[in-house]
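The values are calculated or read from the model by the stated rules, or taken from the named source; none is laboratory data. Remember, predicted model here, so these are calculated numbers, not experimental data. Every residue, glycine as well, gets a Cβ built from its backbone with ideal geometry; the counts of neighbours run over all protein chains shown. Only protein heavy atoms, including side chains, enter the accessible area calculation; ligands, DNA and RNA are left aside. Shrake-Rupley method; radii C 1.70, N 1.55, O 1.52, S 1.80 Å.
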Amino acid sequence: MARNEAHQSNAGSEDSAAGIPGARGRRKAVRYAVPVAVAGVAAASIGIGSALASSGDPDLPKISAEELIAKVAESDVQRMSGSVKFSTDLGLPSLPSGISLGGGAKGGEGKDGDVSPQAKLTELASGTHTLRVAVDGPDKQRLSIVERAAEYSLIRNGDQVWAYDSGSNTVHHSTAPHDKAGKSGRDAKGEALHGASPQELAKKALDAVGDSTSVAVDGTAKVAGRDAYQLTVKPKAAESTVGAVRIAVDAKTGTPLKFTLAAKSGGKPVVDAAFTKVDFGRPSASTFDFTPPKGAKVTEDKDFEGRAGHKGARPGEAGGMPGLAGLTGSSGAPGFEVLGKDWASIAHFTVPKDLGKAADKAADKGAGKAGGAGKSAPDGGLFEKFGSKVSGPFGSGQIFSTRLVNALITDDGEVYVGAVTKDALVAAAK
Amino acid sequence: MSRAERQAAPAPAAREAYPLRRLSLFRSEIGTVFRRWRTLALLGVLAAVPVLVGIAVKVETGDGGTVGHGGEGPAFLSQVTNNGLFLVFTSLAATLPFFLPMAVGVVAGDSLAGEAASGTLRYLLVAPVGRTRLLLAKLTSTLVFCLAATMVVAVSALAVGALLFPLGDITLLSGTTVSFGEGLLRALAVAGAVALSLAGIAALGLFVSTLTNSGIAAMATTVGLLITAQIVDQFPQLEAVQPYLFPHYWLSFADVLRQPVYWDQLLDNFRLQALYAAVFGSAAWARFTTKDVTA
């Protein structure tokens, strides 16, 4: 040992205290403290960083809830770009990959490799996604879903609407008519995915504000580095499953920057959409240019209106806001009615009995599309497992529940869907 | 720099020789790494991957068919037939999860433990060079290998891609079309990001290498840690620890191909690699400068 240490000194190591056991041990401890300190500093800075991000609410002049809502309504932001973190947690059991919720909807389209916006939209109904948005006036919009080593982009430039899926190198093309008659087509198509942005979500929630809702300004917050007011919207109806909707409104521009929808049962927010970066400058013009790449498979969408009518639902509205679309009661399906109003509204429709065994499956699909739950099961059998038997004045049926939306499908093929408690559904069924 | 040197060699001549000698240590270490047959074999295997991928894609699409239209296989595979430049990205995506880090793990694990095993480490220490500087030289040579290995894959892929497939303007992930020149620049940036992604495992391997006197044990441990981290990274239940695993953000190199470039994950990756390099680099220093070198 001693000889070895001597050897080291000769060999030019930085041993100044070699040979004295106590000093040597101390020096060793000091050296090992360096990596520990580096790791500690890193851990501390991560902790302090997140603490800084969550605290430090900005000081803003007081504002009443009415003034804030007016500010949102008046907001006229024509140009912006940014990143949005969008997470949903409907409380559905997570499915093995391959039969994901999105995959089921894709299969429903009956076309292999369909990259139409509607099919893609249902993928947003579960998990966490990063979206990037860019807007320049009413005619130029872009929305991309950032995926692992791939991206799904929806680009609108004038009357041209392109959807590009880089993972499969497929393009979906359609034209958005300029005239007013075609507005519904444009809504459902070109802006289908825009339903996921905090602005659209906030607008839908504020549209539902009425006597049945309590609205309050609840302090301030920093969102994407900007000062914002927090607006809390709470349904008064006891049977609603919606606990509270919180909207962070940019203090300068009145743009909603963050949207959180919490279930009454507590836990993680059901929907959480927030800008992580936002820029109110004009996005570069090339952002909205798109030419289909060489070799890409292009599907043209000429017959959109017909297809939408045939489906009996407007996908743009159905999927835009899981749950809330059902509340606002929007659908053109035959035999469709809305029971109750505002937050406690329940969608009711009938599934034709002649579908026989497939009735359940179709009902599930109907529930997903028209009810706005944004879910559709890969097959009826799998979905049946999630249901539980109930009986009441209406006879008996199956009740399917998520954290926000509950659905009752009676054995007669009557479907009741709403963001209300199970008891309210049973009471509403006749 | 040793105490003896400080006292005995204040002469101007020695001071002038100093920077040269410092460089020569780094040069000789890099030479040692790249002269090994083992290293050349590793680089050869890495260069063969794009060739295999390119030929496979060419054969499969020879009759006008397409590959990966369902989005299966390594990232960017469906684009390769349209633009040879995408073979660079596909090859890097295919080699980054395992091949590249394994090669780095072998070189890093071998760096000190291999010298100790063959009995050459003490001769290295006989030279008037501080242990810290020797360690730095070893780390530098490993990092140079990271860059070289990545460039070998990228250049081989570019050559194969140019031979087998057309080249031209490329469409980025976001659907924006850019010129071939900018595409090449982005490919270079991607290769740089991939090389930096390997810094974490290089430092980890170097630290493991200071713990043992067996080169094989150090390589196996480093590669074992890599596999463990990759497996842990797959389980959704372990989400809480995943952002701190060194392979977690590896695929973020693809974010260079978005328009505009999506920096969040890229920067997360670089920060994480820097943290690993700092923690395990200093741990290796603490261990190596205090351990008894008997072999």
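Quick notes on this one:
- Among the residues of the stretch A:145-166, the one identified as among the small types (Gly, Ala, Ser), touching a strand residue (DSSP E or B) at 6+ places or on another chain (Cβ under 6 Å) and either open to solvent by 10 Å² or more (accessible area, probe 1.4 Å) or closer than 21 Å to B:Trp250 by Cα (or both) is A:Ser166.
- Considering the stretch B:189-295, the qualifying helices (runs of 4 or more DSSP H), each wholly inside and each with 1 or more residues that are on the phi < 0 side of the Ramachandran plot and without any contact (Cβ under 8 Å) to a residue 12 or more places away in the chain, run over B:215-232, B:263-290.
- In the stretch B:261-279, of all residues being at the interface with another protein chain (Cβ under 7 Å from one of its Cβ atoms) and closer than 22 Å to B:Val208 by Cα, the one that is surrounded by the most Cβ atoms within 10 Å (Cβ to Cβ) corresponds to B:Val279.
Residues checked against (1) within 20 Å of B:Val104 (Cα to Cα); (2) not hydroxyl-bearing (Ser, Thr, Tyr):
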{"position": "B:Glu182", "(1), (2)": "no, yes"}
{"position": "B:Phe207", "(1), (2)": "yes, yes"}
{"position": "B:Phe253", "(1), (2)": "yes, yes"}
{"position": "B:Tyr262", "(1), (2)": "no, no"}
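- Residue in the stretch B:103-134 that is farthest from the other protein chains (Cβ to nearest Cβ), counting only those that are surrounded by fewer than 21 Cβ atoms within 10 Å (Cβ to Cβ) and closer than 28 Å to B:Gly192 by Cα: B:Arg133
- Enumeration of residues in the stretch B:159-188 that are assigned to a helix (DSSP H, G or I), open to solvent by less than 10 Å² (accessible area, probe 1.4 Å) and touching a Pro at 6+ places or on another chain (Cβ under 9 Å): B:Gly161
- The stretch A:123-138: number of residues that are part of a strand (DSSP E or B), open to solvent by less than 20 Å² (accessible area, probe 1.4 Å) and either farther than 27 Å from A:Gly158 by Cβ or of a type in the set (Val, Ile, Thr) (or both): 1
- All positions within the stretch B:229-281 that are more than 23 Å from B:Gly175 (Cα to Cα) and of a type in the set (D, E, K, R): B:Asp233, B:Glu239, B:Asp268, B:Arg271
- Total residues in the stretch A:215-252, condition touching a residue at least 60 places away in the same chain (Cβ under 8 Å) and of a type in the set (S, T, N, Q): 3
- Any hit, the stretch B:160-176, residues being more than 13 Å from every other protein chain (Cβ to nearest Cβ), among the β-branched types (Val, Ile, Thr) and closer than 24 Å to A:Ser168 by Cα: yes
- Some residue of the stretch B:221-238 being within 8 Å of another protein chain (Cβ to nearest Cβ), polar (S, T, N, Q) and surrounded by 21 or more Cβ atoms within 10 Å (Cβ to Cβ): no
Here's the yes/no breakdown for (1) at pLDDT 90 or above; (2) buried (at least 19 other Cβ atoms within 10 Å of the Cβ); (3) within 21 Å of A:Ser75 (Cα to Cα); (4) not assigned by TED's automatic domain parsing to the domain that holds A:Thr88:
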{"position": "A:Lys189", "(1), (2), (3), (4)": "no, yes, no, no"}
{"position": "A:His194", "(1), (2), (3), (4)": "no, yes, yes, no"}
{"position": "A:Leu201", "(1), (2), (3), (4)": "no, yes, yes, no"}
{"position": "A:Ala205", "(1), (2), (3), (4)": "no, yes, yes, no"}
{"position": "A:Ser240", "(1), (2), (3), (4)": "no, yes, no, yes"}
{"position": "A:Val245", "(1), (2), (3), (4)": "no, yes, yes, yes"}
{"position": "A:Val278", "(1), (2), (3), (4)": "yes, yes, yes, no"}
{"position": "A:Ala285", "(1), (2), (3), (4)": "no, no, no, no"}
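- Residue tally, condition within 18 Å of the chain's Cα centre (by Cα) and in a strand (DSSP E or B), over the stretch A:139-153: 9
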